[in-house]
1. Any idea what angle helix A:193-212 forms with the longest principal axis of chain A, computed on alpha-carbon atoms, 0 to 90 degrees, nearest 10?
2. Can you tell me the FRET efficiency between B:LYS189 and B:HIS54 if r is taken as the Cβ-Cβ distance and R0 is 41 Å, rounded to the nearest 0.05?
3. Pop the C-beta distance of B:SER38 and B:ALA148 into the FRET formula with R0 = 25 Å and round what comes out to the nearest 0.05.
4. Counting heavy atoms of the protein chains only and a 1.4 Å probe, report the per residue accessible area for the stretch A:10-317 as a whole number of Å².
5. What list of whole percents do you get for P(r) of the stretch B:119-195, with Cα-Cα distances grouped in 10 Å bins up to the one holding the largest distance?
6. With bins 20 Å wide starting at 0, give me the P(r) of the stretch A:10-317 over every alpha carbon pair, in whole percents.
7. Take every Cα pair under 8 Å in the stretch A:10-317 that's 6+ residues apart, average their separations, divide by the length, and report that relative contact order as a whole percent.
8. What is the distance, in nm, between label points placed 7 Å from the Cα along the Cα-to-Cβ direction at A:LYS210 and at B:LEU223?
Amino acid sequence: MHIPENYLSPQTCGVFGVAMVPILVHATRKVRAEVPAEKIPLIGVAAAFSFLSMMFNIPIPGGTTGHAVCGTLIAILFGPWAAVLAVSAALVIQALLFGDGGVLALGANCFNIAFVLPMVGFGVYSWVRDRTSNDLLAAGVGSYVGLNAAALCTAIEFGIQPMLFHDAAGQALYCPYPLSVSVPAMMLGHLTMWGAAEVLFTVGILAFLKNAAPSFGIETGTATSKSTIVPAVILLAVLALATPLGLIAEGDAWGEWGAEDLAQMVGYEPAGFSGWEWGAIMPDYTLAGLPDFVAYILSAVIGIALLVLVFRLIGLGRRTQPDFG
Amino acid sequence: MDERYTDKELPSWLLKGQDYEPAADRDGFVTRTFLQLSGMLAQLRFDGAGRSVHAPHVAMELCCVLACIILTSLATNFLFVCVMLAIMLVRACMLPARVLGRFARVTLAAATLTLLVMLPAVLVGQPRSAITLATKALVCTGMVMETALTTPAAELTAALRTLRVPSVAILTLELTLRSIADLGTVALKVLEALRLRSVGKNDRKASSMGGVGGVVFVKAAHLSQQTYDAMRCRCFTGTYDVGHDMGERHRVANAACLGMLAALLLLFFCLEGMV
């Protein structure tokens, strides 16, 4: 679901970039007001779960791959606005360090994956939970709907590019596939395999945390202790070591092809593809000279550590107001 | 009631209204000095509460950090730098909260400065060099800060003995650190007294700072005489033997540290094409 560089026009990227500014500002204010300072480092741990789940590539017939996001999981644990910040942080690290998703397309990726997904997912989760009183069922339904809502937004953003941005000969300047192609192609995988993966990750991790670390989220109101953090860290370590499983799936996700592959598929290379491209230090989570599975684990470790550090620092920046009551 | 005075005989100064409002004064320099001294003392008085009981001996850790810094600096393969970056970041995640801010400020400042200095390389089309050097600076500074911020000063100086640093140098260093702590406390008290005595606008405050320095200097002379007398009473003969014991309780951690260093050396030599 990550939109690579040059698949969206600069105008589209600009619109979504501007749209994300007030969203992120509002999310920051809400997190400052609603999340206790001691729980903010745990948002970093939750962001690390999201980062890892996005490294597990799951194939579907046809050769494309996709992944879960766990944005709804973070929204359930810490609130939807905390999920916006956490998934945005994960996407920024993926784009800057690993080239997963374009840097110019960061605004669009954050809008789809960090805003639409957790908001829709949490909304559906709340609605289902109020009617069934079953947290895990509600989490499963919410995460499934949230992921597909984000996928639909991504498909629409891809599909309107040929309509809005094309040359005199009618050839697309950016993504060449219209809505009639992009929507079915994106939604097929997300309605089936990747939706199921999102449900599995969300429900599985939520169930684990409820049993092993019940004070992990903010709803519990209890203080964070080693018994909260240790099970989560162990699960993170296990998932990090398992990330090379994502290498088993060959083939790129739909809409994440390189310029040469796309040129072979459509018969021409869109003119916009020769634009600026960011040089990540570990592109596609690999490093020259290192076996891919080792590079994947190394990328996972660096990504997790950075996310935990960033949110620990954000938590330090929150000054506790003295209680004069 | 005191019969010496009646209401009519109260002195005039007692009958004046208490409406004195002290004029505002600029005391930023004193306040800043006060805060800087307090921060420095807090750092010196750090007792290593954040240091894990499973951590290796300080001397072993110092040697490993030094070796890692040398290997990172010499590495020509960016892959090795990435591996060191991962190790440094994982260690940083485990730092106590109260030192994390300082760690982040210093390491990011070092990396940013390196990137700025290497900006011409980006402009001539060699961004990779800039990123490699900035990452190396980040890793090396991070490793040093992690050790410095989690180890009490006394243990660090004791570890220097294991590295064959002359004992007189270690003695001088320890006495210096102790004196800084003691004299810093004296300076804080004198500054506090100066602030309390400065009611309203005090034009002599700046010149009083000289008095603060003078008091600290006199106190330093007294302390050194007292230290010398104490050393003579305890039959100090000029040798200063810090324990060489690497600690039984550190055996496993020391072995793990050595094993990791050996693995990093092997990786370094493989990546540099020497094996």
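The values are calculated or read from the model by the stated rules, or taken from the named source; none is laboratory data. All values reported here derive from a predicted model rather than from experimental measurement. Neighbour counts are summed over all protein chains in view; Cβ atoms, including those assigned to glycine, are modelled from backbone coordinates with ideal geometry. SASA here: full protein model, heavy atoms, side chains in, ligands and nucleic acids out. Shrake-Rupley method; radii C 1.70, N 1.55, O 1.52, S 1.80 Å.
1. 10
2. On the way: r = 40 Å, r/R0 = 0.97.
About 0.55, to the nearest 0.05.
3. Details: r = 19 Å, r/R0 = 0.77.
Calculated value: 0.85.
4. Values: 12370 Å² over 308 residues.
On a per-residue basis, the stretch A:10-317 sits at 40 Å².
5. Result, from short to long distances: 15, 23, 23, 20, 16, 4 percent.
6. 34, 58, 8, 0
7. Details: 499 pairs, mean separation 83.3, N = 308.
Relative contact order here is 27 percent.
8. In this crude spin-label approximation the distance works out to 6.0 nm.
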